[in-house]
Amino acid sequence: MTQVNNYQLLQSELAAEDPWRLDGNEFERERHTQMLRLSLSQGPITNALEVGCAAGAFTKKLAPHCKRLTVIDVVPQAIARTRHRMKESSHISWIVADVQQFSTKQLFDLIVVAEVLYYLEDVDAMRGAVRNLVSMLVPGGHLVFGSARDANCRRWGHVAGAETVMAMLNEMLIEAERLDCRGGSANEDCLLARFRKL
């Protein structure tokens with residue numbers, strides 16, 4: 001699937017009231033509960049980055065635990081929906097940006113990236129995005145990653161998923177914890193992990 005097709009797919013999926021059933025699905029609620037637990041496992045969060053906010057279901061859970069939170073998404077509609085959902089939150093910065101090009105002088109003690117990287121066009125683009133994210137972590141900082149498994153992502157027309165990206169992350173960071181998250185359907189099967197930067 002090309003990058004243009006992936007962007008169009010994201011835009012059309014976001015047109016739904018509850019895209020990806022993030023609010024109303026037991027599997028998604030459990031996935032978010034586990035992602036939040038991984039995110040909070042090292043104590044208070046000073047400066048966090050969330051990559052890909054979708055419609056804000058996880059942002060709403062993470063934001064109260066962060067002194068500062070930067071939220072990026074490649075789709076303007078995702079940022080608009082999440083901002084509306086969060087009302088006025090002065091400690092959150094909203095940026096329409098692609099994970100591959102996003103750049104800031106800030107360093108983050110937590111980066112959360114879930115169900116995003118498989119939308120990139122190929123494994124080289126994924127590797128570049130991972131390198132970019134790792135460069136924005138403070139020493140001792142944590143990256144929480146989640147994704148559908150490679151097999152599901154390929155079945156959906158994407159190049160790769162969790163296992164491929166986790167192998168890349170393990171080349172640059174230390175894996176601290178990994179979880180299997182499964183629901184009632186074949187599509188509800190993902191891996192979650194927390195990585196630490198030395």
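Okay, here's what the table says:
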| item | result |
| --- | --- |
| Meets criteria (β-branched (Val, Ile, Thr), in contact (Cβ under 8 Å) with a residue 12 or more places away in the chain and crowded, with 17+ Cβ neighbours inside 10 Å) for residue 95 | no |
| Region 70-92, residues that are among the aliphatic types (A, V, I, L, M) and over 16 Å from residue 116 (Cβ atoms) | 80, 86, 92 |
| Residue check for residue 180: acidic (Asp, Glu) and in contact with a strand residue (DSSP E or B) (Cβ under 7 Å, 6 or more places away or on another chain) | yes |
| Meets criteria (at negative phi and part of a strand (DSSP E or B)) for residue 72 | yes |
| Count of residues meeting criterion [out of contact with any helix residue (DSSP H, G or I) (no Cβ under 7 Å at 6 or more places or on another chain), surrounded by 19 or more Cβ atoms within 10 Å (Cβ to Cβ) and in a loop (DSSP other than H, G, I, E, B)] in region 34-69 | 1 |
| Residues being crowded, with 17+ Cβ neighbours inside 10 Å and free of Cβ contacts under 8 Å to residues at least 40 places away in the same chain - total across region 148-184 | 7 |
| Considering residues of region 70-126 that are of a type in the set (Asp, Glu) and in contact with a Gly (Cβ under 7 Å, 6 or more places away or on another chain) only, the residue farthest from residue 47 (Cα to Cα) | 115 |
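Every read-out reported here was derived from the displayed coordinates using simple, explicitly stated rules and does not represent laboratory data. As the structure is a prediction and not an experimental result, all values here were calculated from the model. Every residue, glycine as well, gets a Cβ built from its backbone with ideal geometry; the counts of neighbours run over all protein chains shown.
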